[in-house]
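Have a look at the structure below, then the notes.
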């Protein structure tokens, strides 16, 4: 069964709503990171145990990408969005009221599971957008997602300093709750693209990987760029605190603003992909990432250079991501949720690998090893993007 185009088109107001909802959904994963010290003191647990909170959130997110996101092709996507948004509100509220560390661990898993709401909103935008403007429209929604990732740490740390960590989760729950009626009334009903059973949906993702070479290239190239992205951001606070820079956590949090400047390129990159073709944008994005990290690896230590690197490489990563999504969503209109799940799953593997490799290389060889890793990964992505 093929999906029928919904009657509603993607107006600027609906685009803004989807971008806002996507940003708030994905931000829920990252609120905990600046709070770890406060939570460690609150519940009397050590650094190893408190590290379970972001780990459990990420594991919940990864599991839901594979196990829940494909349902967007089988059921009305509007209903799935509403259910996940309500679930996210409940998970955030439970975190705000958590009486102990174990309860907060459970809430962290639930937040990760429900935050994959973001991965239902982006395919919804791709379905509603006119084909000639799909890259631009998806890019605008992706700006919300990327700003959610990059600014969540700044917002969480600032609010916690003013009102405590529980206020972070409570405010996030209220913000998502306010969006639910707007999403329900703003989105049309989506006709399911398939009547396949759940097991068949999961199995079909492997078939999509085998069938579509552009999907494999997009996932592998973006996965490598995710290695570079994650290696930088997961080690930044440690690098800044080192003798070369001597900066504290406040400066590390403020770097989210530098990354956000790069994220704002997403709609422009999507529009350029519509006009010139996505492959040229992907290659240019990968090249920007390579140049930024190569310069950082050999140049003298400079805080302002590090800011510039964050802006340039993030611009490259986001431009490539929006263009890769434009490629992937054009492969099969009836499988957009599953195609997105495959792409994001490989990106997640890259994120996890980048965090692990970045930390290991930093400890073994010093801070310059991290941009060296980023440059090598970006060069690999550029080589993949050159293949047809």
(request) Determine, for each peptide in 342-348, 376-382, the mean count of other beta carbons within 10 angstrom over its residues, then list the peptides with the highest first. (result) 376-382, 342-348
(request) Pull out the extension gain between residue 131 and residue 365, defined as 0.36 nm times the separation in residues minus the alpha carbon to alpha carbon distance; nm, one decimal. (result) 79.5 nm
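Rank the residues 275, 216, 77 as a footprinting-exposure proxy: fewest other Cβ atoms within 10 Å of their Cβ go first. Can you show the working numbers first?
On the way: 275 11, 216 16, 77 27.
Ranking 275, 216, 77 by Cβ neighbours within 10 Å, fewest first, gives 275, 216, 77.
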(request) Can you tell me the FRET efficiency between residue 304 and residue 196 if r is taken as the Cβ-Cβ distance and R0 is 51 Å, rounded to the nearest 0.05? (result) 0.45
(request) Within 10 Å of each residue's Cβ, count the other Cβ atoms and sort 59, 151, 121 from fewest upward. (result) 59, 151, 121
(request) Give the Rg/Rh ratio for segment 12-195, taking Rg as the radius of gyration of the Cα atoms and Rh as the Kirkwood radius, to two decimals. (result) 1.00
(request) Work out Dmax and Rg for segment 205-386 from the C-alpha atoms and quote the Rg first, both in angstrom. (result) 16.4, 53
(request) List 152, 323 from most exposed to least, where exposure is judged by having the fewest other Cβ atoms within 10 Å. (result) 152, 323
(message) Taking R0 as 30 Å, what FRET efficiency do you get between residue 79 and residue 161 from their Cβ-Cβ distance, rounded to the nearest 0.05?
(response) 0.20
(request) Calculate, axis by axis, the spread of Cα positions in segment 129-237 along the three principal axes, and write the results as whole Å, longest axis first. (result) 52, 40, 34
(message) At 0.36 nm per residue, and after removing the present C-alpha to C-alpha distance, how many nm does the segment from residue 178 to residue 59 gain when stretched out fully?
(response) 40.2 nm
(request) Would you kindly compute the Cα radius of gyration of the chain and its largest Cα-Cα separation (Dmax), both in Å? (result) 20.0, 61
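Can you tell me the FRET efficiency between residue 86 and residue 11 if r is taken as the Cβ-Cβ distance and R0 is 35 Å, rounded to the nearest 0.05? All intermediate terms of the calculation are to be shown ahead of the outcome.
Values: r = 24 Å, r/R0 = 0.70.
That gives a FRET efficiency of 0.90.
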(message) What whole-number distance in Å separates the alpha-carbon centres of segment 90-165 and segment 334-375?
(response) 20 Å
(request) Quick one: go through segment 275-304 and flag any residue whose amide nitrogen is under 12 Å from the point 7 Å out along the Cα-to-Cβ line of residue 331. (result) none
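Every number in this text was worked out from the coordinates using simple rules, so none of it is lab data. Because the structure is a prediction, the values reported are computed rather than measured. Don't worry about glycine lacking a Cβ; one is built from the backbone with ideal geometry, like all the others, and counts go over all protein chains shown.
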